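For reference, the structure discussed in these notes is given below.
The values are calculated or read from the model by the stated rules, or taken from the named source; none is laboratory data. Quick caveat: nothing in here was measured; it's all calculated off a predicted structure. Backbone-built Cβ (ideal geometry, glycine too); neighbour counts: all protein chains shown.
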Amino acid sequence: MPFYIDGLCYLKSIGYRQNRAYKLVVTAVNHFKERIMTTLHIVLSDLAVTHAIFSKITLLQNKFSANVVWYLHHHQRFFDRRYFSNELAAISGDLQANHQNKVDQINLKIKQYFPKSKVHICKEKYWSKQVDNSANTLDPIVIFRSKSGLTSADNQYISNNQNTVFILSQKKWLSDGKAIGAIDPFHEDDRDNKSDGKVYNFMRQWYTPAEQTEPFLLHVIHIPPLAIEYEKKIEALHKEQIYRFAKQVKCAKNLLTFTRGNPEHALLTYADDNKIDLIVLGCREHSLFDKWLNGSTISALISHENSDLVLINTP
């Protein structure tokens, strides 16, 4: 416990509520709470909120004991242009009024369920700068897919993210946020398995010790068609490497599980079969183009509109 909290308890116990030292310590405690409190930064690109969105944010808020900040991103290129004809100017004015009305309605709805949260309006083409200016390094970013999928602004942020990013659909969770961490300690650019280590640490925090009764780390064993005759040897090699990683991070074997197939398809199938709501993946520092070019599992999963993901950045 920080020294000034001990001091606060002491000053309070001896009745020095009006003492200058007591007031200074109260100020320090409040500053300490604000500094260490996690904040969820939630980005919405559709001017609509649903019960599923509120349910997911409530669960995340409880998981992280977090404050909540909302960003309503709705950039309209139509509003960027100047129109000199009275008719087009009237159309532009009507659209802006309609847009503002929707924003006001969402603001009221958010305040109804999250009265202490802040709501910001992002009118720029990309919302990343506004969020980055507000978020601390360890604050999770929550991106809700629009009905038409991730926007260009969403993809721009994801490709350069430095935070933990939740990419969520607007559909409700079936199992109250049941998650699985996908690990793969075979990457040439991560020989120390820092990425998988972060996934493991996230999963340990996501589930309480009492909830850690079934596997929460999954490894997909992929056997290339041309190597099918070496199937058993390849499978043994994969399991040996996974168990070595588990020993390294002190993870019990009963928390590990395996499946087989093409990684992105196998992960989605496993999630469907086991009613998994969230797939957690380590995200190394590559651009979104690099991930697409290299056939990244992450880029493949991002393209599935109904898959809810957590990307944990590893610089």
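Tell me which residues, restricted to region 142-166, are closer than 18 Å to Ser195 by Cα and β-branched (Val, Ile, Thr).
Filtering region 142-166 for residues closer than 18 Å to Ser195 by Cα gives 158-166.
Ile158, Thr164, Val165, listed by residue number.
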Which one of Lys232, Lys171 is surrounded by fewer than 20 Cβ atoms within 10 Å (Cβ to Cβ), within 25 Å of the chain's Cα centre (by Cα) and basic (Lys, Arg)? Lys171
Scanning region 247-271 residue by residue, the ones that are surrounded by 14 or more Cβ atoms within 10 Å (Cβ to Cβ), aliphatic (A, V, I, L, M) and not in a helix (DSSP H, G or I) total 1
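Based on what the data block shows, is Leu218 in a strand (DSSP E or B) and farther than 26 Å from Asp139 by Cβ? Break it down stepwise before answering.
On the way: in a strand (DSSP E or B): yes; farther than 26 Å from Asp139 by Cβ: yes.
It is true that Leu218 is in a strand (DSSP E or B) and farther than 26 Å from Asp139 by Cβ.
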Looking at region 40-56, I want the residues that are assigned by TED's automatic domain parsing to the domain that holds Asp132 and have a partner that is modelled with pLDDT under 90 and not in a loop (DSSP other than H, G, I, E, B) with Cβ atoms under 6 Å, at least 6 apart or on another chain. Which pairs are those? Leu47/Lys102
Selection within region 282-310 - assigned to a strand (DSSP E or B) and modelled with pLDDT under 95: Gly282, Cys283, Arg284
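Yes/no per residue for (1) buried (at least 16 other Cβ atoms within 10 Å of the Cβ); (2) closer than 26 Å to Asn62 by Cβ:
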| residue | (1), (2) |
| --- | --- |
| Thr137 | no, yes |
| Val142 | yes, yes |
| Ala153 | yes, no |
| Ile158 | yes, yes |
| Val165 | yes, yes |
| Ala182 | yes, yes |
| Glu214 | no, yes |
| Val220 | yes, no |
| Ala227 | no, no |
Residues in region 223-246: is at least one part of a loop (DSSP other than H, G, I, E, B) and either of a type in the set (A, V, I, L, M) or not assigned by TED's automatic domain parsing to the domain that holds Phe64 (or both)? yes
